[in-house]
Amino acid sequence: MHSNRSDFRSLTQEIERRVRWSPEYIEADRKLMWRPEFVKLLYTYLDIRPKMHVADIGSGTGFLARIVAPGIGRMGDIICIDHDTRLLARGVKATRKERFSKNLHMVQANAYNCPLPTSWADLVMCQFLLSNVKHPLSIIREMARVTKRRGLVAAVEPVGIQILFDPSHVRLTELQRKSWNAYVRGYRKLLGGDITIGLRLPHLFMEAGLSKVELDGYLETLLFSDPRYQGRDLATFLRTRFFERPSKRTKTKIASMIKDLTYSCGGMSPNEALRIQGKLADRLKPLVENTRSLKRSSFVFSVARVIVRGRKQ
């Protein structure tokens, strides 16, 4: 019976991941997240230097690695590890386009068993990986194995706080918060992931044997009318995050069933969750279809994350 439950959880995780974590969504989300002023701060937190050996675990399309690549220079080396061939393929194209292909390499492998030598990397990092796996401590220990003595292990992860604020419909904002909290609870119960893991990471890092652990918060805020954001980037982000793609009808149907189960496990009926999503879609769709209206909107999307670092002794 335990094996059947484990197999079901693994299957639901894989389907949910492949639908939710599309290459288009990852690229749009990370582009809006890492504004230039935050990249400078990230370099400080990760102690980026020329000639470093870096591993990006659960890299997806390698967006974080491509941010780091200019800092380590052509004499450095970055290995991106992910088991999703779709994301890796998108990463290869982006790497060639941005001319990092000589020292940035995409490798298909499992985060629990990285094909990298022990004590190879100066920095081993991940972004939104530990919140989506069942055994985050095992992955942190594997990251530490790959890290050199006195090297850095780092993770960018959520703390479970997220909201899309609609100033014209405060009640809808409240309903979204209720829906999101139910999803977080259900995600943990059904899929084994913890979207609130960020504040647990210092404890897990220390349990993995890392020292000099540091934590910094990062509150991402996207005001749609902010001139620093392009309308097309915001539209792509909203479309891939809040709307399911009709071209993937079979996957979408299965993903919808998993989403219903997730809300049920979190204490909200699927019908109530669907009503809230429908109201949100009615508000967002005209904006996604008309970027001029989008850029005149005072909607604010906000999500809290942390950046945690620890040294290998």
For this session: Would you order Leu129, Leu274 from fewest to most other beta-carbon atoms within 10 Å of each residue's own beta-carbon?
Result: Leu274, Leu129
Problem set entry | Debye log10 I(q)/I(0) at q = 0.10, 0.13, 0.19 Å⁻¹ for the stretch 97-218, Cα point scatterers | -0.42, -0.66, -1.06
Exercise. Using only helices, what value at 222 nm comes out for the chain when you add -39,500 (n - 2.57) per DSSP H run of length 4 or more and divide by the total residues, to the nearest 500 deg cm²/dmol?
Worked result: -16000 deg cm²/dmol
Exercise. How big is the charge dipole of the stretch 2-312 about its Cα centre, in debye rounded to the nearest 20, if each Lys and Arg gets +1 on its Cβ and each Asp and Glu gets -1 on its Cβ?
Worked result: 480 debye
Seminar exercise, completed: With DSSP loop assignment and no more than 14 other C-beta atoms within 10 Å, the trypsin sites (Lys or Arg not before Pro) in the stretch 152-212 are none
Problem set entry | Sparsely packed chymotrypsin sites (Phe, Trp or Tyr not before Pro) within the stretch 219-313, loop by DSSP, other Cβ within 10 Å at most 16 | Phe243
Problem set entry | Projected label distance in nm at Ser168 and Lys279, using a 7 Å step from Cα toward the beta-carbon | 1.5 nm
Seminar exercise, completed: Amide H neighbours of Phe165 at under 5 Å, excluding residues fewer than 5 places away on the same chain, with H built from the backbone geometry, are Val300, Phe301, Ser302
For this session: Give the angle, between 0 and 90 degrees and rounded to the nearest 10, that separates the Cα long axis of helix 36-45 from the longest principal axis of the Cα atoms of the chain.
Result: 40 degrees
Seminar exercise, completed: Length-normalised contact order of the chain, Cα under 8 Å, at least 6 apart, in percent, tallies to 22 percent
Problem set entry | Amide N of the stretch 173-215 lying under 16 Å from the label point, which is placed 7 angstrom from the Cα of Arg150 along Cα→Cβ | 211-212
For this session: Treating the angle as unsigned and between 0 and 90°, give the value, to the nearest 10°, between the Cα long axis of helix 63-72 and the longest Cα principal axis of the chain.
Result: 30 degrees
Problem set entry | DSSP-defined beta bridges in the stretch 51-119 - what % are antiparallel, rounded to 5 | 10 percent
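If you restrict to DSSP beta bridges whose two residues both lie in the chain, what percentage is antiparallel, to the nearest 5?
Restricted to the chain, the bridges split so that about 55 percent are antiparallel.
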Problem set entry | Prolate/oblate/rounded label for the stretch 2-312 (Cα gyration tensor, a/c 1.5) | prolate
Exercise. Where in the stretch 129-171 is the amide nitrogen less than 14 Å from a point lying 7 Å along the Cα-to-Cβ axis of Asp216?
Worked result: 154-157
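All of the numbers you see were taken from the coordinates with simple rules; none came from a lab. As the structure is a prediction and not an experimental result, all values here were calculated from the model. Positions of Cβ are backbone-derived with ideal geometry, glycine not excepted, and every protein chain shown enters the neighbour counts.
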